[in-house]
Structure formats: structure tokens, C-alpha cells
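Peer 1: I have a structure here, written as C-alpha cells, and I will follow up with some questions on it.
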Ligand SMILES: *[C@@H]1O[C@H](CO)[C@@H](O)[C@H](O)[C@H]1NC(C)=O
Ligand SMILES: *[C@@H]1O[C@H](CO)[C@@H](O)[C@H](O)[C@H]1NC(C)=O
């Protein structure tokens, strides 16, 4: 060995080499947990959540596209999802995150920072807020890198701040479905049913994690990152023959009922997964009321609601 390498291996390296190997293995296996005192001193406590919480059976990221200045809407949507937490099964982990592009105004750097400090539910991508300029591509393609974990979620949803998802119904539906090559939403156009064409409405659609990873690396996708956002997602998958496990959630996803019924718009139903076109506070309120969101409000001498 000494002759082959052409220099003398110092004696100390017989100790140092195995030690540095152990250190490297530590860094590879526990990249986030590496704390030097664990190697140097005895008695490092394992972090409680690592040992206590079992791995969830279903992990879902719900990315709500919004713009930095939409403070009031973001607050409403955040409240609506927080109130759903209690109805989710213990083994289901849903992370709702607001997805923004670069901040552009002085006040945003303080006001959005406050939201992050309080709620930690904001993702800021490296992009400019422009319709059809590739925010959807930036979102999916950034996730594997910015989440910094292997397969952080089973599924990823892209939705907007005018859509209300019922997370328990979505999770219940997903339990019965495959975990690979899944593209789920409200199929457009809803009157045509040919396979391998069309796309899922931008009100909200879901991809399995393997497709998110594919988007992050595919040349097919990179060449077509700009364009009408939700149509493009369908086009990527159609062109590559992916997303073969397609699930059309019609009639459980639909537009807010105003105007005559169509194949994508009708009255509220109890098995709803998502309602879209919630463009103002009154539409949000009527939707939340139908789903009994404030039914559990306690009575008190301190306020009167009715
Ligand atoms: C977004 O902000 C980052 C960090 O300031 C900057 O490097 C990047 O060029 C910006 N991207 C766009 C599209 O404006
Ligand atoms: C809301 O509550 C009412 C009264 O308890 C009930 O009849 C109705 O089915 C509930 N609606 C939904 C969507 O769960």
C-alpha cells in the first residue's frame, strides 16, 4: 500500500482514517442532526419528535399560490385550513404552504417576515409574479431541492387562494389510490373523456412525488416551462406519457354555484373535495357555512354573532 501510493502513510492515520469514516457516515446518515457535541461528549438526547411520532401513512403538501400583497386573503385561507386540523386522522400529515415569488416592496419584507415568524407557512420561490411565466414550473421543480429531503411528501398539490379544499375528504380519497404516476384533479374539458389528453383545472391538482421529481429534471418540461400554467402541466405529462394514473374528481371538485349548472359548476354537496372561484369574502363565508365550519363556536357573554 505504501509503495502503491508512493508516500508514507503516517501512523496516526490508522486511527484518524477510521474516525473520519465514522464522521462521514454520521454526516451522510444524519445530515440535519449533526451536532458536534454528540461526537465529542456523551449523553446526547435524541430529539423527542424523532422517537415519539410514527411516520405518517400519508404526507401531503398543499401549495396555495398567492401574491405577497394578498394579506387579507391569505389570513382567511390560513384560518380556514387551521380549523380543519382537528378533522384529519392522526396518521395524516398535511402541510399547507403559501407560495410566493420574490418580494418586491419594502413593506413586504417586514410584513411577510412577521407571518413567517408566526406561522412558518410561506415558501418564496426565485421568480417574478407574472401570469404564465412559469411559477408552476418553478414550484414543482424547486421542491426536491428546497425541501432537502428524499421524498418529503407522497403527493404535492398546486392550488390557488380562491379554492377551498376539504383536506379530510382529499386524504380519504388518496388512501385508496396508488402512490406513483398520479395526476388528480378536475379534468378539463369535462365533456370530453379521451385518455392521455386534456389537463386538470388550475383550481387545484395533485401530483405524486415521483412526477414532481421528474418535472425537476426533465428536458421535455424545461423546454415548455412558460405558457398557460395548468394547461402546460397537462401538456408535459401527455407528451411524456406520464401521469397515467389519472383521477378525475368531477363532480366532487367544482366552481362556486353561481349561474346555471355546467359540468364544472353546481350546488354544494356533502362529499365535496374542493370549491373554486371563491373570489370574495361573501363567497368564502357561504362556502364555509355550508360545511359547518363555525358550527362548533361556543357561546359566551363576551360576544354575539347572530
Ligand atoms: C429573486 O431574488 C433573488 C434573491 O434576491 C435574486 O437572486 C433573483 O434574481 C430574483 N429573481 C427574480 C426572477 O427576480
Ligand atoms: C351541517 O350541519 C347540519 C346540522 O347538523 C347537517 O344537517 C349537515 O349535514 C351538515 N353539513 C355538512 C356538509 O356536513
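Peer 1: Report yes if some residue within region 289-300 is touching a strand residue (DSSP E or B) at 6+ places or on another chain (Cβ under 9 Å), assigned to a loop (DSSP other than H, G, I, E, B) and farther than 29 Å from residue 128 by Cα; otherwise report no.
Peer 2: Scanning region 289-300, I find at least one residue that is touching a strand residue (DSSP E or B) at 6+ places or on another chain (Cβ under 9 Å), assigned to a loop (DSSP other than H, G, I, E, B) and farther than 29 Å from residue 128 by Cα, so the answer is yes.
Peer 1: Does region 155-173 contain any residue that is surrounded by fewer than 21 Cβ atoms within 10 Å (Cβ to Cβ) and over 20 Å from residue 203 (Cα atoms)?
Peer 2: Looking through region 155-173, none of the residues is surrounded by fewer than 21 Cβ atoms within 10 Å (Cβ to Cβ) and over 20 Å from residue 203 (Cα atoms).
Peer 1: Inside region 140-159, can you point out the residues that are out of contact with any helix residue (DSSP H, G or I) (no Cβ under 9 Å at 6 or more places or on another chain) and modelled with pLDDT of 90 or more? Let's see the steps before the verdict.
Peer 2: We begin by selecting, within region 140-159, every residue out of contact with any helix residue (DSSP H, G or I) (no Cβ under 9 Å at 6 or more places or on another chain); these are 146-149, 159.
Residues satisfying the conditions are 146, 147, 159.
Peer 1: Working carefully through the options 279, 226, find the one that is within 16 Å of ligand 1 (Cβ to nearest atom) and not in a helix (DSSP H, G or I).
Peer 2: On the way: 279 fails: within 16 Å of ligand 1 (Cβ to nearest atom).
Answer to the check: 226.
Peer 1: Hey, residue 292 hits all of (1) within 16 Å of residue 136 (Cβ to Cβ); (2) more than 20 Å from the chain's Cα centre (by Cα); (3) more than 16 Å from ligand 1 (Cβ to nearest atom) but one; which does it fall short on?
Peer 2: Condition (1) is where residue 292 drops out.
Peer 1: Quick one: count up the residues across region 91-135 that are within 15 Å of ligand 1 (Cβ to nearest atom), surrounded by 14 or more Cβ atoms within 10 Å (Cβ to Cβ) and in a helix (DSSP H, G or I).
Peer 2: If we filter region 91-135 for residues that are within 15 Å of ligand 1 (Cβ to nearest atom), which is where we start, we get 99-106, 108-109, 112-113, 122-135.
Then drop every residue that is not surrounded by 14 or more Cβ atoms within 10 Å (Cβ to Cβ), which leaves 99-101, 103, 108, 112, 122-125, 127, 129, 133-135.
After this cut, where a residue has to be in a helix (DSSP H, G or I) as well, the list is 108, 112, 135.
Qualifying residue count for the region: 3.
Peer 1: Of all residues in region 169-210, how many are in a helix (DSSP H, G or I), closer than 22 Å to residue 144 by Cβ and free of Cβ contacts under 8 Å to residues at least 60 places away in the same chain?
Peer 2: 2
Peer 1: Quick one: in region 237-274, which of the residues that are in a strand (DSSP E or B) and away from ligand 2 (no atom under 16 Å from the Cβ) is surrounded by the most Cβ atoms within 10 Å (Cβ to Cβ)?
Peer 2: In this case the residue turns out to be 255.
The values are calculated or read from the model by the stated rules, or taken from the named source; none is laboratory data. None of the values given here were measured: they were computed from a predicted structure. Note: ideal-geometry Cβ built from the backbone for every residue, glycine included; neighbour counts use all protein chains shown.
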